[in-house]
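One structure below.
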Amino acid sequence: MKDRLVIRRREVLAGVAASCMGFALPSLGQDRQFPKRSVRFVVPFAPGGAADVATRPLAKELEPVWKQPVLVDNRPGGLFMIGLQAALQAPADGHTLMYLTNSMAAVQAVHKQYDLSRQLIPVTQTVSFPMVMLVPGNSPFKTVKDLVAYAREHPNKLRYSSVGVGSTEHLKTAEFQKAARFEADHIPYKSGPDMVMGLLSAQVDLTLTAANFAYTYAPKGQVRVLAVLGSQRIKEMPDVPTLRETGFDVSPFNFWSGYAVKAGTPASAVQQIYQDLATAAVTPFMNETLAGLGMSPAVSKSPDAFAKLIADELAWAMEQAKGIDPAS
């Protein structure tokens, strides 16, 4: 999504090397001002989900660079507020980084409990990964058109899940419903893994979620992948069509994730963190690790570019959130 704002491994390495040779060659004597102690990544999702598995290998890659422990602090719940409050209670010095993803912008549009642009300074996107449409493995729906035909004939009988009211999964499914002209019953869960467990147990009929869950459960026949939400098919599932290929005009979409620091963090620290994250996110280790999870590195061209990505995501979410009751 928004490919103009991200650059891949070769471009990242060239650009970062040109701008931060002292980082690439610390033996030349650069006096690094960051970090001075352990660094914490606050992840507002439960362990085991896409957010968690994208952060832990990055933390591992950064420890030898920063020469400090890099901790992953999972703080799920409260529509991201538990994690956000933990990050905002820390000093504005860069030693606490907040994990950000599409869903945080989406939830802000519906619940308005926080203001990412005021409370945080975006640093960079680091990862992109596909969203897919899943149904249970024993579902009668073999195609998207099968599902839509049933949903039109049985209003509000189809059950779909998300990780909460106003989440990206919720708003994207709402967009799909509008395009396909049907009504369905929304079942919110507390986390991505919980949401998928609901699908596996057939408590719900439909889930839009990260592709890494499909890679885990589709080969076992526990879920069926009906469509990819991105602009093109993905190599891991070449026979699965994009949603637009099935005839429904829904805007292409990929999940993204990245990191921010508390507002007030010195600009020099923000730039150092950007350079370090941009380099660590595209190492061979990260490429290999993320590929195994169905993800790929995607680094913002600058902190300002990441801020623009978040603003664009919020604008989309505000449009989709019209008419959604936060208490529903």
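The values are calculated or read from the model by the stated rules, or taken from the named source; none is laboratory data. Here the structure is a predicted model, which is why all the values come from computation and not from measurement. Cβ sites come from the backbone with ideal geometry, for glycine too, and all protein chains shown count toward neighbours.
Here are the numbers for the structure shown:
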{"read-out": "Residue list for the stretch 98-120, filter: surrounded by 23 or more Cβ atoms within 10 Å (Cβ to Cβ), modelled with pLDDT of 95 or more and of a type outside the set (Phe, Trp, Tyr)", "value": "Met98, Leu100, Leu120"}
{"read-out": "Scan of the stretch 252-269 for residues that are of a type in the set (S, T, N, Q), farther than 22 Å from Ala51 by Cα and surrounded by 14 or more Cβ atoms within 10 Å (Cβ to Cβ), ordered by number", "value": "Thr265"}
{"read-out": "Condition check for Ala227: within 19 Å of the chain's Cα centre (by Cα), aliphatic (A, V, I, L, M), buried (at least 24 other Cβ atoms within 10 Å of the Cβ) and assigned to a helix (DSSP H, G or I)", "value": "no"}
{"read-out": "Residue match in the stretch 305-323 (condition: more than 21 Å from Leu116 (Cα to Cα) and more than 19 Å from the chain's Cα centre (by Cα))", "value": "yes"}
{"read-out": "Matching residues in the stretch 243-255 - criterion: being modelled with pLDDT of 95 or more and part of a strand (DSSP E or B)", "value": "none"}
{"read-out": "Any hit, the stretch 90-97, residues being at pLDDT 90 or above, crowded, with 16+ Cβ neighbours inside 10 Å, under 20 Å from Ile273 (Cα atoms) and within 17 Å of the chain's Cα centre (by Cα)", "value": "yes"}
{"read-out": "Tabulated pairs, the stretch 173-201, first in the same structural domain as Ala151 (by TED's automatic domain parsing), second part of a helix (DSSP H, G or I) and basic (Lys, Arg), C-beta under 6 angstrom, 6+ apart or interchain", "value": "Phe182/Arg152"}
